[in-house]
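The values are calculated or read from the model by the stated rules, or taken from the named source; none is laboratory data. As the structure is a prediction and not an experimental result, all values here were calculated from the model. Cβ sites come from the backbone with ideal geometry, for glycine too, and all protein chains shown count toward neighbours. Just so you know, the surface numbers come from the protein's heavy atoms only, side chains and all, with ligands and any DNA or RNA stripped out. Shrake-Rupley method; radii C 1.70, N 1.55, O 1.52, S 1.80 Å.
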Amino acid sequence: MIRNAEPISSEQIQEPYYEPVGQEIEVFYKAAEHMLPLLLKGPTGTGKSRLLETMAYRLNRRLITVICNEETSSVDLVGRYIVKGADTVWQDGPLTIGVREGAIVYLDEVAEARPDVLVAIHSLTDHRRSLFIDRTNEEIVANKNFLLVASFNPGYQRGFKELKPSTRQRFLSIDFQYPKPTVESKIIMGETKIDERISSKLVQFANLVRNKPELGLAETISTRLLVSCALLIQSGLGPRLAGRTAIILPLTDDSDTIESLQDVYNLIF
Ligand code: ADP
(Lines give C-alpha, C1' and ligand atoms only; values in the text may rest on other atoms or scores of the structure.)
Protein backbone atom coordinates (compact mmCIF):
# COMPACT_ATOMS: atom_id res chain seq x y z
CA MET A 1 0.00 0.00 0.00
CA ILE A 2 1.29 3.46 -0.81
CA ARG A 3 1.03 5.59 2.28
CA ASN A 4 0.40 9.26 2.25
CA ALA A 5 2.86 11.70 3.60
CA GLU A 6 5.80 9.31 3.80
CA PRO A 7 8.19 11.25 6.00
CA ILE A 8 11.67 12.22 4.90
CA SER A 9 14.14 12.07 7.72
CA SER A 10 17.42 13.88 7.29
CA GLU A 11 20.61 14.22 9.23
CA GLN A 12 23.23 16.41 7.59
CA ILE A 13 26.90 15.57 7.85
CA GLN A 14 27.92 19.03 6.69
CA GLU A 15 26.21 22.33 7.27
CA PRO A 16 24.00 23.02 4.22
CA TYR A 17 24.63 26.22 2.31
CA TYR A 18 22.07 28.80 3.31
CA GLU A 19 22.20 32.48 2.48
CA PRO A 20 20.15 34.55 4.93
CA VAL A 21 17.54 36.69 3.22
CA GLY A 22 16.41 38.63 6.30
CA GLN A 23 16.53 37.87 10.03
CA GLU A 24 15.02 34.40 9.73
CA ILE A 25 17.95 32.62 11.41
CA GLU A 26 17.73 34.85 14.47
CA VAL A 27 13.95 34.34 14.68
CA PHE A 28 14.34 30.58 14.26
CA TYR A 29 16.77 30.39 17.18
CA LYS A 30 14.29 32.32 19.34
CA ALA A 31 11.42 30.00 18.37
CA ALA A 32 13.57 27.02 19.34
CA GLU A 33 14.65 28.66 22.61
CA HIS A 34 11.05 29.32 23.63
CA MET A 35 9.75 26.06 22.13
CA LEU A 36 7.22 27.97 20.01
CA PRO A 37 5.80 26.57 16.77
CA LEU A 38 6.81 28.35 13.63
CA LEU A 39 5.02 28.95 10.35
CA LEU A 40 7.07 29.68 7.23
CA LYS A 41 4.89 31.63 4.85
CA GLY A 42 5.76 32.10 1.22
CA PRO A 43 5.87 30.73 -2.27
CA THR A 44 7.59 27.53 -3.25
CA GLY A 45 11.32 27.48 -3.99
CA THR A 46 12.27 30.36 -1.71
CA GLY A 47 14.57 28.46 0.65
CA LYS A 48 12.18 27.28 3.38
CA SER A 49 13.36 23.66 3.34
CA ARG A 50 16.97 24.74 3.09
CA LEU A 51 16.57 26.96 6.15
CA LEU A 52 15.11 23.99 8.03
CA GLU A 53 18.01 21.73 7.05
CA THR A 54 20.47 24.41 8.14
CA MET A 55 18.79 25.01 11.48
CA ALA A 56 18.43 21.28 12.18
CA TYR A 57 22.17 20.99 11.60
CA ARG A 58 22.99 23.97 13.82
CA LEU A 59 20.67 22.88 16.62
CA ASN A 60 21.89 19.31 16.24
CA ARG A 61 18.39 17.85 15.90
CA ARG A 62 16.93 15.42 13.47
CA LEU A 63 14.66 16.92 10.84
CA ILE A 64 11.53 14.95 9.98
CA THR A 65 9.72 16.36 6.96
CA VAL A 66 6.18 15.45 5.98
CA ILE A 67 5.02 16.81 2.64
CA CYS A 68 1.30 17.24 3.15
CA ASN A 69 -1.31 16.79 0.46
CA GLU A 70 -5.11 16.62 0.43
CA GLU A 71 -4.99 12.97 1.50
CA THR A 72 -2.73 13.51 4.51
CA SER A 73 -4.63 12.66 7.67
CA SER A 74 -3.83 12.65 11.38
CA VAL A 75 -3.28 8.88 11.20
CA ASP A 76 -0.40 9.47 8.78
CA LEU A 77 1.20 11.79 11.31
CA VAL A 78 0.33 10.24 14.65
CA GLY A 79 0.52 6.53 13.87
CA ARG A 80 -1.53 3.44 13.26
CA TYR A 81 -1.95 -0.17 14.23
CA ILE A 82 -0.27 -2.52 11.80
CA VAL A 83 -0.47 -6.28 11.48
CA LYS A 84 2.84 -7.98 12.23
CA GLY A 85 2.65 -11.75 11.95
CA ALA A 86 -0.16 -12.84 14.24
CA ASP A 87 -0.09 -9.59 16.21
CA THR A 88 -1.41 -6.12 15.76
CA VAL A 89 1.15 -3.60 16.93
CA TRP A 90 1.13 0.13 17.27
CA GLN A 91 3.50 2.06 15.04
CA ASP A 92 4.32 5.68 15.82
CA GLY A 93 3.90 8.12 12.95
CA PRO A 94 6.47 10.81 12.12
CA LEU A 95 4.93 13.43 14.39
CA THR A 96 4.84 11.07 17.37
CA ILE A 97 8.44 10.02 16.75
CA GLY A 98 9.50 13.67 16.66
CA VAL A 99 7.53 14.51 19.81
CA ARG A 100 9.12 11.63 21.73
CA GLU A 101 12.70 12.03 20.59
CA GLY A 102 12.88 15.81 20.28
CA ALA A 103 13.20 16.31 16.53
CA ILE A 104 12.20 19.20 14.33
CA VAL A 105 9.01 18.10 12.57
CA TYR A 106 8.34 20.04 9.39
CA LEU A 107 4.83 19.89 7.96
CA ASP A 108 5.36 21.21 4.46
CA GLU A 109 2.19 22.76 2.93
CA VAL A 110 0.17 22.09 6.06
CA ALA A 111 -2.94 23.85 4.69
CA GLU A 112 -3.27 21.13 2.07
CA ALA A 113 -3.74 18.39 4.70
CA ARG A 114 -7.10 17.15 5.96
CA PRO A 115 -8.66 19.20 8.79
CA ASP A 116 -8.04 16.43 11.37
CA VAL A 117 -4.29 17.14 11.06
CA LEU A 118 -4.86 20.59 12.53
CA VAL A 119 -6.92 19.05 15.31
CA ALA A 120 -4.11 16.56 16.05
CA ILE A 121 -1.45 19.28 16.40
CA HIS A 122 -3.68 21.61 18.43
CA SER A 123 -2.37 20.71 21.89
CA LEU A 124 1.20 20.73 20.59
CA THR A 125 0.86 24.37 19.60
CA ASP A 126 0.03 25.78 23.01
CA HIS A 127 1.40 25.65 26.54
CA ARG A 128 0.49 21.96 26.87
CA ARG A 129 3.00 20.84 24.22
CA SER A 130 1.43 17.45 24.34
CA LEU A 131 0.15 14.97 21.82
CA PHE A 132 -2.90 12.90 22.56
CA ILE A 133 -3.18 9.58 20.76
CA ASP A 134 -6.79 8.57 21.03
CA ARG A 135 -6.29 5.07 19.62
CA THR A 136 -3.87 4.12 22.37
CA ASN A 137 -5.30 6.55 24.91
CA GLU A 138 -1.83 7.96 25.51
CA GLU A 139 -0.81 11.53 26.16
CA ILE A 140 2.81 12.34 25.35
CA VAL A 141 4.40 15.51 26.63
CA ALA A 142 6.86 16.69 23.99
CA ASN A 143 10.58 16.34 24.53
CA LYS A 144 12.10 19.79 25.15
CA ASN A 145 13.89 19.66 21.80
CA PHE A 146 10.72 19.00 19.83
CA LEU A 147 9.96 21.88 17.48
CA LEU A 148 6.97 22.06 15.18
CA VAL A 149 7.46 23.97 11.93
CA ALA A 150 4.90 24.24 9.15
CA SER A 151 4.91 25.94 5.79
CA PHE A 152 2.08 27.60 4.03
CA ASN A 153 1.72 29.21 0.64
CA PRO A 154 -0.61 32.21 1.16
CA GLY A 155 -3.78 32.22 -0.87
CA TYR A 156 -3.02 34.98 -3.29
CA GLN A 157 -2.13 32.26 -5.74
CA ARG A 158 -4.76 30.12 -7.36
CA GLY A 159 -5.35 26.64 -6.13
CA PHE A 160 -3.89 26.98 -2.65
CA LYS A 161 -5.93 26.46 0.46
CA GLU A 162 -6.12 29.00 3.26
CA LEU A 163 -5.28 28.44 6.92
CA LYS A 164 -7.87 29.50 9.48
CA PRO A 165 -6.90 32.63 11.47
CA SER A 166 -7.31 30.67 14.72
CA THR A 167 -4.72 28.16 13.49
CA ARG A 168 -2.34 30.84 12.26
CA GLN A 169 -2.37 32.54 15.62
CA ARG A 170 -0.87 29.42 17.16
CA PHE A 171 2.37 29.90 15.23
CA LEU A 172 5.12 32.50 15.08
CA SER A 173 5.46 33.46 11.44
CA ILE A 174 8.32 34.15 9.10
CA ASP A 175 7.52 35.69 5.76
CA PHE A 176 9.55 34.35 2.83
CA GLN A 177 9.71 36.52 -0.24
CA TYR A 178 12.01 36.52 -3.20
CA PRO A 179 15.40 37.77 -2.05
CA LYS A 180 16.83 41.13 -3.05
CA PRO A 181 18.62 40.89 -6.44
CA THR A 182 22.13 40.98 -4.94
CA VAL A 183 21.24 38.23 -2.44
CA GLU A 184 19.50 36.07 -5.01
CA SER A 185 22.45 36.39 -7.36
CA LYS A 186 24.75 35.35 -4.50
CA ILE A 187 22.54 32.29 -3.80
CA ILE A 188 22.72 31.21 -7.45
CA MET A 189 26.50 31.62 -7.44
CA GLY A 190 26.78 29.83 -4.10
CA GLU A 191 24.75 26.89 -5.37
CA THR A 192 26.22 26.53 -8.85
CA LYS A 193 29.57 28.40 -8.96
CA ILE A 194 28.33 30.22 -12.07
CA ASP A 195 29.84 33.63 -12.71
CA GLU A 196 28.13 36.79 -11.57
CA ARG A 197 27.43 38.06 -15.08
CA ILE A 198 25.08 35.13 -15.72
CA SER A 199 23.54 34.92 -12.26
CA SER A 200 22.65 38.60 -12.30
CA LYS A 201 21.05 38.22 -15.75
CA LEU A 202 18.93 35.33 -14.44
CA VAL A 203 17.82 37.47 -11.52
CA GLN A 204 17.05 40.35 -13.85
CA PHE A 205 14.84 38.07 -15.94
CA ALA A 206 13.10 36.68 -12.85
CA ASN A 207 12.30 40.14 -11.55
CA LEU A 208 10.92 41.29 -14.88
CA VAL A 209 8.56 38.29 -14.89
CA ARG A 210 7.64 38.62 -11.19
CA ASN A 211 6.50 42.17 -11.89
CA LYS A 212 4.16 41.08 -14.68
CA PRO A 213 1.01 39.66 -13.07
CA GLU A 214 -0.70 40.07 -16.45
CA LEU A 215 1.14 36.93 -17.59
CA GLY A 216 -1.33 35.05 -15.37
CA LEU A 217 1.19 32.53 -14.06
CA ALA A 218 -0.09 30.35 -11.20
CA GLU A 219 3.39 30.41 -9.67
CA THR A 220 6.10 32.78 -10.68
CA ILE A 221 9.86 32.21 -11.05
CA SER A 222 11.39 30.85 -7.86
CA THR A 223 15.02 30.85 -6.83
CA ARG A 224 14.89 27.06 -7.32
CA LEU A 225 14.20 27.48 -11.07
CA LEU A 226 17.03 29.99 -11.42
CA VAL A 227 19.42 27.60 -9.68
CA SER A 228 18.42 24.76 -12.02
CA CYS A 229 18.92 26.99 -15.06
CA ALA A 230 22.34 28.13 -13.83
CA LEU A 231 23.34 24.49 -13.32
CA LEU A 232 22.45 23.70 -16.95
CA ILE A 233 24.37 26.72 -18.24
CA GLN A 234 27.31 25.90 -16.00
CA SER A 235 27.44 22.40 -17.44
CA GLY A 236 27.59 23.68 -21.01
CA LEU A 237 23.99 23.97 -22.25
CA GLY A 238 23.31 27.12 -24.27
CA PRO A 239 21.68 29.82 -22.09
CA ARG A 240 18.54 30.04 -24.24
CA LEU A 241 17.88 26.32 -24.18
CA ALA A 242 18.70 26.22 -20.47
CA GLY A 243 16.19 29.00 -19.80
CA ARG A 244 13.49 27.31 -21.82
CA THR A 245 14.08 23.93 -20.19
CA ALA A 246 14.58 25.00 -16.59
CA ILE A 247 12.42 28.10 -16.27
CA ILE A 248 9.93 28.76 -19.04
CA LEU A 249 8.42 25.34 -19.77
CA PRO A 250 8.14 24.33 -16.08
CA LEU A 251 6.13 27.53 -15.48
CA THR A 252 3.44 27.30 -18.12
CA ASP A 253 1.82 25.23 -20.88
CA ASP A 254 0.17 28.18 -22.56
CA SER A 255 1.86 28.77 -25.93
CA ASP A 256 1.34 32.58 -25.93
CA THR A 257 2.81 32.88 -22.45
CA ILE A 258 5.73 30.66 -23.43
CA GLU A 259 6.41 32.94 -26.36
CA SER A 260 6.18 36.12 -24.27
CA LEU A 261 8.53 34.68 -21.65
CA GLN A 262 10.97 33.53 -24.30
CA ASP A 263 10.97 37.01 -25.89
CA VAL A 264 11.83 38.67 -22.59
CA TYR A 265 14.46 36.02 -21.85
CA ASN A 266 16.07 36.39 -25.28
CA LEU A 267 16.38 40.14 -24.78
CA ILE A 268 18.54 39.48 -21.73
CA PHE A 269 20.49 36.49 -23.08
P1 ADP B 1 11.09 25.77 -0.51
O2 ADP B 1 11.24 24.82 0.64
O3 ADP B 1 10.77 27.18 -0.08
O4 ADP B 1 10.17 25.28 -1.58
P5 ADP B 1 13.88 25.15 -0.99
O6 ADP B 1 14.44 25.39 0.35
O7 ADP B 1 13.74 23.74 -1.44
O8 ADP B 1 12.50 25.93 -1.21
O9 ADP B 1 14.78 25.98 -2.03
C10 ADP B 1 14.85 25.64 -3.39
C11 ADP B 1 16.26 25.79 -3.88
O12 ADP B 1 16.57 27.18 -3.98
C13 ADP B 1 17.29 25.20 -2.92
O14 ADP B 1 17.58 23.87 -3.25
C15 ADP B 1 18.48 26.10 -3.14
O16 ADP B 1 19.20 25.68 -4.28
C17 ADP B 1 17.88 27.44 -3.50
N18 ADP B 1 17.73 28.42 -2.40
C19 ADP B 1 16.64 29.21 -2.22
N20 ADP B 1 16.85 30.07 -1.20
C21 ADP B 1 18.10 29.82 -0.74
C22 ADP B 1 18.91 30.41 0.30
N23 ADP B 1 18.44 31.42 1.03
N24 ADP B 1 20.15 29.93 0.49
C25 ADP B 1 20.62 28.90 -0.29
N26 ADP B 1 19.91 28.32 -1.28
C27 ADP B 1 18.66 28.77 -1.51
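Report, to the nearest 10°, how far helix 223-234 tilts away from the longest principal axis of the Cα atoms in the chain, using its own Cα long axis and a range of 0 to 90°. It works out to around 50 degrees. Available extension along the chain between Lys193 and Glu15 is 62.3 nm, counting 0.36 nm per residue and deducting the alpha carbon span. Take every DSSP beta bridge whose two residues both sit in the chain; close to 45 percent of them are antiparallel.
For Met55, Met189, give the ranking by accessible area with the largest first, probe 1.4 Å.
On the way: Met55 0, Met189 50 Å².
These residues rank, largest area first, as Met189, Met55.
Loop-located GluC sites (Glu not before Pro) in region 47-143 (DSSP state other than H, G, I, E, B) with a sparse environment of at most 16 neighbouring Cβ atoms within 10 Å: Glu70, Glu71. According to the Kirkwood relation over distinct C-alpha pairs, the hydrodynamic radius of the chain is 20.2 Å. Surface calculation, 1.4 Å probe, protein heavy atoms: Thr88 sits at approximately 90 Å² accessible.
Run the helix sum for the chain: -39,500 (n - 2.57) per DSSP H stretch of 4+ residues, divided by residue count, reported at 222 nm to the nearest 500 deg cm²/dmol. Can you show the working numbers first?
Working: 11 runs with 104 residues, N = 269.
So the helix-based figure for the chain works out to -11000 deg cm²/dmol.
Sorting the segments 30-39, 60-69 by their mean number of nearby beta carbons within 10 angstrom, highest to lowest, gives 60-69, 30-39.
When Val83, Val89, Val99 are compared by accessible surface with a 1.4 Å probe, the order from highest to lowest is Val83, Val89, Val99. Accessible area per residue for region 2-175 is 50 Å², calculated with a 1.4 Å probe on protein heavy atoms, without ligands, DNA or RNA.
Where does helix 196-210 land angle-wise versus the long Cα axis of the chain, in degrees 0 to 90, nearest 10? Tilt relative to the chain: about 70 degrees.
With the dipole of region 151-231 worked out from charges on the C-beta (+1 for Lys and Arg, -1 for Asp and Glu) around the Cα centre, which of Ile194, Leu217, Ala206 lies farthest toward the positive end? Of Ile194, Leu217, Ala206, it is Leu217. Relative to the longest principal axis of the Cα atoms of the chain, the long axis of helix 255-268 lies at roughly 60 degrees. Report the accessible area of Arg197, computed with a 1.4 Å probe over the heavy atoms of all protein chains in place, in Å² rounded to the nearest 10. Accessible area, nearest 10 Å²: 150 Å².
Where a ≥ b ≥ c are the square roots of the eigenvalues of the C-alpha gyration tensor, would you call region 181-268 rounded, which needs a/c under 1.5, or, failing that, prolate if a/b is larger than b/c, or oblate? Walk me through the numbers on the way to the answer.
On the way: a/c = 1.94, a/b = 1.48, b/c = 1.31.
Because a/c hits 1.5 or more and a/b exceeds b/c, region 181-268 counts as prolate.
Straightening the chain between Asn137 and Ile268 buys 41.0 nm, computed as 0.36 nm per residue apart minus the Cα-Cα spacing. The distance from the alpha carbon centre of region 97-117 to that of region 12-45 is 16 Å, rounded to a whole number. Residues in region 181-268 average 50 Å² of solvent-accessible surface per residue, probe 1.4 Å, ligands and nucleic acids excluded. Roll a 1.4 angstrom probe over the protein heavy atoms and tell me the percent of accessible area of the chain that is carbon or sulfur. Roughly 52 percent of what the probe reaches on the chain is carbon or sulfur.
Which order, highest average first, do 141-152, 16-27 follow once you tally other Cβ atoms within 10 Å for each residue and take the mean per peptide?
Details: 141-152: 21.2, 16-27: 15.2.
Listed from highest to lowest mean packing, they are 141-152, 16-27.
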